[in-house]
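One structure is given below, encoded as structure tokens.
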Amino acid sequence: MHTAPTLKDAILDLCTNQRRYVRGAVTYLVIQDDVAFWGYAVHYPGVQAVDQISDGAIAIGFNMMRELVGAAPEEVRTSRRTPSNVEPYRRFFGFVPRFDAEQHALVFPASLLDRPVRGANGELRRILEKSIAAYWAVEQPCVTDTVTRMLRARVIFPDVSLEEVASELSVRPRTLNRRLQAEGKSFRELVNQSRFEVARQLLAGTRMDITDIALALGYAELSGFSHAFQRWSGVAPSEWRSN
């Protein structure tokens, strides 16, 4: 990351290479309406201490950003309930994060992505890229795992579609569907699995209103989300949260 020409290249270095050695979580960069979201999400079902893991990841990202380009995000979002004592967060970040949010993420103007990385070394980067390319001999994640990682980062943003995911993977939608079917999965099934995992994390870890959770997951109405959640879990979202 220190050798990347810009902040965007540095973040994408991490996002791209993380999947080589991490199977249960994803680092992502999403740009929406000139706002950048550099986030971290656990997608492996049933992981304990997601709040603490994600807090640590966001803190590391915050320090990375300051070290790489000398800038800090305008906002920190975290999918956890507001703690009784927010002073440790204020001391670390310089401000209080937005708790009970739909994602763990650093939020800043997308224009910052073009800021040069301080002390970047192009020659060293070319050497390291060759070394990293050779590392691809390590076992690659299957198509299902790859799409699951991508969906965990995207189900809280608008326009999650087969076409969008296929385009990012540089394949045709029909080809992606065929590869998923060969592994016994479908795109719709993986979308629903991702929504269910995110819904459970938000219901358990935040005080977000259930209607807001439904909207965050792309449901136009609470009833649609409630019916889907009951189909997945056997109980309504409110009952699952209270239990």
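For the pair Glu75 and Ala204, the difference between a 0.36 nm per residue extended length and the Cα-Cα distance amounts to 44.1 nm. In terms of its Cα atoms, the range 7-135 spans 49, 33, 28 Å along the principal axes, sorted from long to short. Beta bridges per DSSP, both residues in the chain: antiparallel share near 95 percent.
Under the simplified labelling scheme, the Val30-Ser170 pair shows an inter-label distance of 2.4 nm, with each label point 7 Å from Cα along Cα→Cβ.
For the chain, the Kirkwood radius over C-alpha pairs fed into Stokes-Einstein at 37 °C and 0.692 mPa s yields D = 171 µm² per second. Taking the range 33-68 and a reference point 7 angstrom along Cα→Cβ of Arg98, the backbone N atoms nearer than 18 Å belong to 33-41, 55, 58-59, 62. Using a Förster distance of 41 angstrom, determine the FRET efficiency expected from the C-beta separation of Asn192 and Asn121, and round it to 0.05. After rounding, the FRET efficiency stands at 0.35.
If you wrap the Cα atoms of the range 158-205 in a convex hull and average its projected area over all directions, you get 3.9 nm².
A viscosity of 1.567 mPa s and a temperature of 4 °C, combined with the Kirkwood radius over Cα pairs in Stokes-Einstein, give a translational diffusion coefficient for the range 1-52 of 105 µm²/s.
One decimal place: the segment Thr82-Leu128 gains 12.4 nm when fully extended, by the rule 0.36 nm per residue minus the C-alpha distance. Using only side-chain charges placed at the Cβ, +1 for Lys and Arg and -1 for Asp and Glu, the dipole size of the range 143-242 relative to its Cα centre rounds to 320 debye.
Net charge in the neighbourhood of Met208 (other residues with Cβ under 15 Å of its Cβ; Lys, Arg +1, Asp, Glu -1) is +3.
Report note on the peptides 144-157, 2-15: ranked by the mean count of other C-beta atoms within 10 Å, highest first, their order is 144-157, 2-15.
Rule-based calculations on the coordinates, nothing more; no lab input. Quick caveat: nothing in here was measured; it's all calculated off a predicted structure. Cβ sites come from the backbone with ideal geometry, for glycine too, and all protein chains shown count toward neighbours.
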